[in-house]
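Chemist: Next up is a structure, given as structure tokens.
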Amino acid sequence: MFSELFAECSLEAAAYGKCVAATTTGTRELKKDVCSKEFGALKTCFMDAAKKKGK
């Protein structure tokens, strides 16, 4: 089921991944809430996609 949700949310997942990658270049670590906007969009997409699959 996760792969189906991931497929429906590929744009959001890519945006979150780009944010994380850009934030953690070199020796920098990911800090809390740096990519919260992107994570929130991905979480919302997963939840909406799961609701659709449950119908």
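The values are calculated or read from the model by the stated rules, or taken from the named source; none is laboratory data. In this text, all values refer to a predicted model and were calculated from it rather than measured experimentally. Cβ: placed from backbone, ideal geometry, glycine included. Neighbour counts: every protein chain shown.
Chemist: For GLU38, indicate whether it is acidic (Asp, Glu), surrounded by fewer than 14 Cβ atoms within 10 Å (Cβ to Cβ), out of contact with any Gly (no Cβ under 7 Å at 6 or more places or on another chain) and in contact (Cβ under 8 Å) with a residue 12 or more places away in the chain. Spell out how you get there, then give the answer.
Modeler: Values: acidic (Asp, Glu): yes; surrounded by fewer than 14 Cβ atoms within 10 Å (Cβ to Cβ): no; out of contact with any Gly (no Cβ under 7 Å at 6 or more places or on another chain): yes; in contact (Cβ under 8 Å) with a residue 12 or more places away in the chain: yes.
So GLU38 does not fit the description; no.
Chemist: Mind counting the residues in region 11-35 that are surrounded by 12 or more Cβ atoms within 10 Å (Cβ to Cβ) and either polar (S, T, N, Q) or in a helix (DSSP H, G or I) (or both)?
Modeler: Number satisfying all stated conditions: 11.
Chemist: Cβ-Cβ below 9 Å, separation at least six or inter-chain, first residue in region 5-23 and over 23 Å from LYS51 (Cβ atoms) and among the β-branched types (Val, Ile, Thr), second buried (at least 17 other Cβ atoms within 10 Å of the Cβ) and modelled with pLDDT of 95 or more: which pairs?
Modeler: Close Cβ pairs satisfying both conditions: VAL20/CYS35; VAL20/GLU38; THR23/CYS35.
Chemist: Tell me, yes or no, whether region 45-54 has at least one residue that is assigned to a loop (DSSP other than H, G, I, E, B) and touching a residue at least 24 places away in the same chain (Cβ under 8 Å). Working first, answer last.
Modeler: Start the filter on region 45-54 by keeping residues that are assigned to a loop (DSSP other than H, G, I, E, B), which leaves none.
Scanning region 45-54, I find no residue that is assigned to a loop (DSSP other than H, G, I, E, B) and touching a residue at least 24 places away in the same chain (Cβ under 8 Å), so the answer is no.
Chemist: Which numbered condition trips up GLU29, out of (1) at pLDDT below 95; (2) in contact with a Leu (Cβ under 7 Å, 6 or more places away or on another chain)?
Modeler: (2)
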